[in-house]
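Here is the structure we will look at.
Readers should treat all values here as calculations from the given coordinates under stated rules, not as data from a laboratory. Keep in mind that what you see is a predicted model, and the values were worked out from it rather than measured.
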Amino acid sequence: MSNLLYYERNLPHRLPPGSDLFLTFRLADSLPAATIARLRAQFNAGENLLPEASYAAQRRYFGRFDQLLDKAAHGATWLRNPDIAKVVGDSLRHFNPKAYQLHCYCIMPNHVHMVVSLEDGAPLLAETLQRIKGYTALQANKILGRSGQFWQRETYDHIVRSGDEMQRIIAYVLNNPVKACLVESWEQWPHTYYSEV
C-alpha cells in the first residue's frame with residue numbers, strides 16, 4: 001500500500017486528511033463469499049455513472065450490505081461478547097483525538113460503524129485502522145482462546161459530503177441496533193458512543 005490516501009482492493013478507498021468519513025468494518029466471514037461477489041458485481045455495474053448517480057449506487061450497495069450484516073445469519077458474532085466489545089470500543093476511543101475526531105461508533109454483533117473527522121496533517125487513517133484491527137484482533141482472539149483471522153481485511157469507507165449528510169449518518173449509526181431489533185432505543189445499546197461536540 002504505497003499510497004494510503006487512495007488505494008483499491010475490492011472497492012476504491014479515499015481517505016484524505018481534512019475530510020469527514022463514515023467507516024464500517026466487519027468480522028471475517030460474516031457474509032458468504034457468493035453474496036459479496038453478487039453485491040460487488042451490482043456495484044461495479046455502475047462504474048461509469050455520473051457523480052450523483054454513482055453516489056446513489058454506492059448508498060444502495062451499502063444499504064444491502066449492511067442489511068445482511070444486521071441479520072447476522074452467517075459467520076461469527078464475537079462482538080456480542082461484552083469483553084470483546086469493550087476492547088474494540090476502548091481502542092476506537094484511544095485514537096481520539098490523536099488520529100481522528102471521533103463523532104460516534106456502534107459495535108454490532110458482527111460489524112462496527114464509526115464516523116470520524118480527519119484534521120489536515122492527521123496520521124494516515126489506513127495505518128490507524130490497521131493498528132486498531134491488529135490490536136483488537138489479538139486481544140479478542142486471546143479472550144476467545146483461538147487464533148486466525150478476526151476482521152475482514154477491507155473496510156468500507158464513505159466521504160461525508162455535507163453537514164446534513166453528517167447528521168443523517170450519525171443517526172443511522174446510532175439507530176443501527178434499533179433497526180436490527182436488538183433494542184427499542186439507541187441509548188439502550190451498551191456498545192454505542194456519541195460525542196455531541
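The table that follows gives values for the structure above.
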| item | result |
| --- | --- |
| Dimensions in Å of the stretch 66-106 - Rg and Dmax from alpha carbons | 12.8, 36 |
| For the stretch 125-197: relative contact order, % (alpha-carbon pairs under 8 angstrom, 6 or more apart) | 14 |
